[in-house]
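The values are calculated or read from the model by the stated rules, or taken from the named source; none is laboratory data. Because the structure is predicted, anything quoted here is derived from the model rather than measured. Methodologically, a virtual Cβ is constructed for each residue, glycine included, from the backbone with ideal geometry; neighbour enumeration extends over all protein chains shown.
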Amino acid sequence: MTAFSHGHQFINGSYRTGTGGSFPRVNPATGAIAEEVDYASIRDLNDAVQAAASAFPAWSSLTPGERSEHLLNFAVALTARADELAAMETAQTGKTARLSSGFDIPGTIDNVNFFAGAARHLQGLAAGDYAGKSTSMVRREAIGVIGSIAPWNYPLQMAAWKVLPAIAAGNTIVLKPSELTPGTSLLFAQIASEAGLPDGVINVVVGSGQEVGEALVRHPLVKMSSFTGSTAVGRRVMAMAAESGKRVHLELGGKAPLIVFQDADVEAAAHGAVAGSTINAGQDCTAATRAYVHSSLFGAFTARVAALMETMVVGDPLLEDTDMGSLISQAHRTKVASMVDRAVAAGATVLTGGGAPDLAGAFYRPTLIVGAAQDSEIVQDEIFGPVLVVLPFETEDQAIALANDSAFGLAASAWTSNVHLAMRAGAEIEAGCVWINEHIPIVSEMPHGGFKSSGFGKDMSSYSFEEYTNVKHVLISHDTDIHKEWQNTVFKQR
Ligand code: NDP
């Protein structure tokens, strides 16, 4: 029944059954129980952290070239298992097979390949003589054991974004995926091990956030906590890490605006808005959620978005023709539906969608809403479902102000054919990523991370090494005088 007949904990290079109880994991697209997932106990977690700590000295002492070779072998092994990974990702999340095999898995493999290269040019300042007769140099050093916590929306990609920069820089890791979606993170660690990564470099513990997640953040041998998930839990992680002054990296929620200026290509913007708001059934931290459209285009844009949404096929994620699969759970669908219902009660209008198809799984139709107030819940709070709210604007300044009127600042897009306007939007929108005439594309070479309540620090790209390395200044004196001149400020030469 399960692919993990030897347990759901991957510790020190092998599987074991967690000793902290178990729970039945449901396939969200069918509603059927898929497997019984065992939970890690605090003792299992301690073993995983200890394994990572024991692996650290040898792993961090490898040359960048040696670590790179391990990652290249890992990428080849992942590529050989791509179909298996894609099938598992769809089975545990309810996302379409097309998305898993065309986005999640190739994106993950590309990330491994990128960090295999990036591992070899971790950069620092060139050595320089800044203080008289001495030479200063910068060493970039691994931090130690990293404790990472990941969400359920893109389980494998989120695991990769946490693991890759950490281990490429010489750290070892204990990863806690969401208990709803542990499968591909476990398989990822197993494939790494089979490809030759030393035992203990990547460990995966499965358990609840409140018990195992909190214990991982607080563990004294864990030197840094990296977290991707909701803003509320991210703040709790930061508070716990503050108890011991531990380093944190937070990738949190989003509420991305999509601005359609007067000179935009409406057809392209409508396609971007539909794809950007319904990718992964809208369970995407960078999903387009609030469209601000110039009043002269409002009718044409909303009509086209509604028409495109109505053509989308919602249902069995395994079928090639299906455009959108299920949400992660019935409980999450209830949350999405309740937000839409409250928006309607507050005066908004649903132009299309706004309900669930008659299917057993946790499905919800692509939904388009107009008439909501800027300060309403549906415009300000993260929905994490396939729901787009459209509001009109009159002036450029107003559009930018509305886009920035949000607690979040992860991603945004602006649609225009005016290069001056495009440059101004890129500069003035408060978000970690601004797309012009696009919405969603991410690449391994570019940083991903938010401003404001969306967190701080970067995933992907060489910028992520800033999170996962300590920068050390080493100064070597070549002054042969016994009493150095600066020491006169403390005591005169004798
Ligand atoms: P949650 O914050 O609920 O959970 C994220 C992870 O944290 C899970 O592994 C969860 O464990 C764990 N967790 C829960 N409570 C605690 C706790 N008290 N201490 C430590 N760990 C805990 O988020 P979701 O899983 O619901 O994911 C959706 C959220 O993630 C959205 O807000 C989305 O915007 C954000 N996200 C952000 C991204 C970014 O790059 N900025 C990318 C992707 C998602 P468990 O569930 O097993 O209990």
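Report yes if E84 is of a type outside the set (A, V, I, L, M, F, W, C) and assigned to a helix (DSSP H, G or I), otherwise no.
Numbers: of a type outside the set (A, V, I, L, M, F, W, C): yes; assigned to a helix (DSSP H, G or I): yes.
It is true that E84 is of a type outside the set (A, V, I, L, M, F, W, C) and assigned to a helix (DSSP H, G or I).
Here Q210 passes the criteria (1) away from the ligand (no atom under 13 Å from the Cβ); (2) free of Cβ contacts under 8 Å to residues at least 24 places away in the same chain except the one numbered (1).
Across the stretch 127-168, the number of residues qualifying as within 12 Å of the ligand (Cβ to nearest atom), of a type in the set (S, T, Y) and outside any strand (DSSP E or B) comes to 1.
Name the residues in the stretch 419-442 that are in contact (Cβ under 8 Å) with a residue 40 or more places away in the chain and loosely packed, with under 15 Cβ neighbours inside 10 Å, would you?
Of all residues in the stretch 419-442, those in contact (Cβ under 8 Å) with a residue 40 or more places away in the chain come to 421, 425, 429, 431, 433, 437-440, 442.
Hit for the stretch 419-442 is E438, nothing else.
Would you be able to say whether some residue in the stretch 11-28 is more than 26 Å from the chain's Cα centre (by Cα), on the phi < 0 side of the Ramachandran plot, modelled with pLDDT under 95 and assigned to a loop (DSSP other than H, G, I, E, B)? Looking through the stretch 11-28, none of the residues is more than 26 Å from the chain's Cα centre (by Cα), on the phi < 0 side of the Ramachandran plot, modelled with pLDDT under 95 and assigned to a loop (DSSP other than H, G, I, E, B). Considering K176, K223, the condition of being within 9 Å of the ligand (Cβ to nearest atom) and either in contact with a Pro (Cβ under 6 Å, 6 or more places away or on another chain) or at pLDDT 95 or above (or both) is satisfied by K176 alone. Looking only at residues in the stretch 85-134 that are surrounded by fewer than 23 Cβ atoms within 10 Å (Cβ to Cβ) and acidic (D, E), the one that is farthest from A192 (Cα to Cα) is D129.
Out of everything in the stretch 376-395 that is under 23 Å from the mean Cα position of the chain (by Cα) and assigned to a strand (DSSP E or B), what residue ends up being nearest to the ligand (Cβ to nearest atom)? Quick ask: steps written out before the conclusion?
Taking the stretch 376-395 and keeping what is under 23 Å from the mean Cα position of the chain (by Cα), we get 378-388.
Then drop every residue that is not assigned to a strand (DSSP E or B), which leaves 387-388.
Details: V387: 14, L388: 16 Å.
Looking at the filtered set, the residue picked out is V387.
Residues that are in the same structural domain as A269 (by TED's automatic domain parsing), crowded, with 20+ Cβ neighbours inside 10 Å and within 16 Å of the ligand (Cβ to nearest atom) are absent from the stretch 340-361.
Take the stretch 179-207 and flag every residue that is away from the ligand (no atom under 16 Å from the Cβ) and surrounded by fewer than 24 Cβ atoms within 10 Å (Cβ to Cβ). Even if it seems obvious, please write down each step before you answer.
Here is the first cut: in the stretch 179-207, the ones away from the ligand (no atom under 16 Å from the Cβ) are 187, 190-202.
Listed by number, the residues that qualify are L187, Q190, I191, S193, E194, A195, G196, L197, P198, D199.
Do you know which of the residues in the stretch 239-250 that are under 23 Å from A169 (Cα atoms) and aliphatic (A, V, I, L, M) is nearest to the ligand (Cβ to nearest atom)? Per the criteria, the residue is L250. Looking only at residues of the stretch 448-478 that are in contact with a Pro (Cβ under 7 Å, 6 or more places away or on another chain) and polar (S, T, N, Q), we find that the one that is surrounded by the most Cβ atoms within 10 Å (Cβ to Cβ) is S464.
Given the residues H478, H448, which is the only one that is on the phi < 0 side of the Ramachandran plot and within 16 Å of the ligand (Cβ to nearest atom)?
Numbers: H478 fails: within 16 Å of the ligand (Cβ to nearest atom).
Step by step, each of H478, H448 is checked, and only H448 is on the phi < 0 side of the Ramachandran plot and within 16 Å of the ligand (Cβ to nearest atom).
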